[in-house]
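In what follows, a structure is listed as structure tokens, so that the remarks can point back to it.
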Amino acid sequence: MNDARATRALLLARFPVFAGVPEVRLDELLGAAPLRRVPAGSVLFEPDMRCEGFPLVLEGSVKVVKTSQSGREIVLYRVSPGEGCILSGGCLLGRSDYSARGLAETEVTLLTIPAAQFQDLIVQVPAFRHFVFDMYGSRLAEVMELLEEVAFRRLDTRLARLLVQRGPVISATHQSLADELGSVRVFVSRLLRGFEERGWVSLERERVTVLEPKSLLEFSQL
């Protein structure tokens with residue numbers, strides 16, 4: 001009982017939208033969607049997998065990535081505490097399979113609303129419906145910004161901007177930074193070494209320390 005109360009309290013703290021859901025329905029939802037803790041590095045879903053529900057992230061971070069046939073990856077968006085996965089919602093609403101991969105960046109605590117309950121909430125609970133479609137609007141804006149970055153901005157300025165956003169200390173491999181930018185490791189490593197020569201960053205194994213954020217920011221705006 002204490003665990004059930006704790007789960008309810010955590011859900012309401014992260015997702016206030018559920019405060020408007022009738023108590024009986026909320027009990028049914030929590031009964032059908034037990035709390036899960038997923039280790040870092042776990043694959044939550046991947047292309048062509050059937051979507052079984054709508055994940056709500058309570059703790060941790062999930063990244064959703066798209067992989068090309070050549071093996072290159074690009075991060076589409078991240079799901080943080082208090083957010084749901086819109087790709088999952090789209091698959092449920094469109095009755096389609098996943099088209100990207102979801103990976104747990106850290107240990108993740110989540111509740112996955114089963115497909116039937118998700119459809120009922122969308123139809124019968126306006127606040128939940130607005131919550132889902134507001135997320136769609138936000139994610140669409142993010143993806144449009146990503147498209148603009150990839151299509152129109154130089155890799156060096158995009159990398160500088162990413163370092164400023166993620167700094168001052170970024171614990172990541174050059175490969176993961178390349179994946180984030182939709183590029184390849186050799187190009188990113190070359191640019192990082194150039195930044196280091198200018199005194200803007202310090203490079204260590206799987207770690208980049210930003211030393212001159214102002215210079216990087218100015219460079220990113222060229």
Checklist entry - What are the residues in region 173-222 that are among the aromatic types (Phe, Trp, Tyr) and in a helix (DSSP H, G or I), if any? => result Phe187, Phe195, Phe219
Checklist entry - Pairs, please: C-beta under 7 Å, at least 6 apart or cross-chain, first residue over 20 Å from Lys66 (Cα atoms) and in region 177-193, second outside any helix (DSSP H, G or I) and at pLDDT 90 or above? => result Leu192/Val201; Leu192/Leu203; Leu192/Val208
Checklist entry - Scanning for something within 24 Å of Arg72 (Cα to Cα) and among the small types (Gly, Ala, Ser), does region 194-206 turn up at least one residue? => result yes
Next on the checklist: Contact list please: Cβ distance under 7 Å, first residue in region 82-95 and assigned to a loop (DSSP other than H, G, I, E, B), second residue surrounded by fewer than 16 Cβ atoms within 10 Å (Cβ to Cβ) and of a type outside the set (Asp, Glu), pairs at least six apart or on different chains.
Outcome noted: none
Checklist entry - Is it fair to say Phe187 is aromatic (Phe, Trp, Tyr) and open to solvent by less than 50 Å² (accessible area, probe 1.4 Å)? => result no
Item to check | Selection within region 96-123 - among the small types (Gly, Ala, Ser), over 20 Å from Asp179 (Cα atoms) and either open to solvent by less than 60 Å² (accessible area, probe 1.4 Å) or assigned to a loop (DSSP other than H, G, I, E, B) (or both) | outcome: Ser96, Ala115
Next on the checklist: Quick check on region 50-67. Is at least one of its residues free of Cβ contacts under 8 Å to residues at least 12 places away in the same chain, among the basic types (Lys, Arg) and exposed (fewer than 14 other Cβ atoms within 10 Å of the Cβ)?
Outcome noted: no
Next on the checklist: Take the residues in region 2-35 that are of a type in the set (Lys, Arg) and surrounded by 14 or more Cβ atoms within 10 Å (Cβ to Cβ); name whichever of them is modelled with the lowest pLDDT.
Outcome noted: Arg25
Checklist entry - Got a number for residues in region 153-171 being at pLDDT below 90 and either outside any helix (DSSP H, G or I) or of a type in the set (Val, Ile, Thr) (or both)? => result 3
Next on the checklist: Any residue that is polar (S, T, N, Q) and farther than 26 Å from Ser70 by Cβ - is there at least one of those in region 156-176?
Outcome noted: yes
Item to check | The lone exception for Glu180 - which of (1) modelled with pLDDT under 90; (2) closer than 30 Å to Leu92 by Cα; (3) surrounded by fewer than 16 Cβ atoms within 10 Å (Cβ to Cβ) it fails | outcome: (3)
Item to check | Of all residues in region 36-49 being assigned to a loop (DSSP other than H, G, I, E, B) and of a type in the set (A, V, I, L, M, F, W, C), the one that is surrounded by the fewest Cβ atoms within 10 Å (Cβ to Cβ) | outcome: Ala40
Item to check | Boolean, Glu105 is of a type outside the set (A, V, I, L, M, F, W, C), within 30 Å of Val210 (Cβ to Cβ), modelled with pLDDT of 90 or more and touching a strand residue (DSSP E or B) at 6+ places or on another chain (Cβ under 6 Å) | outcome: yes
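The values are calculated or read from the model by the stated rules, or taken from the named source; none is laboratory data. All of these numbers come straight from a predicted model, not from anything done at the bench. Don't worry about glycine lacking a Cβ; one is built from the backbone with ideal geometry, like all the others, and counts go over all protein chains shown. To get the accessible areas, we keep the full protein, side chains included, count just its heavy atoms, and leave off ligands, DNA and RNA. Shrake-Rupley method; radii C 1.70, N 1.55, O 1.52, S 1.80 Å.
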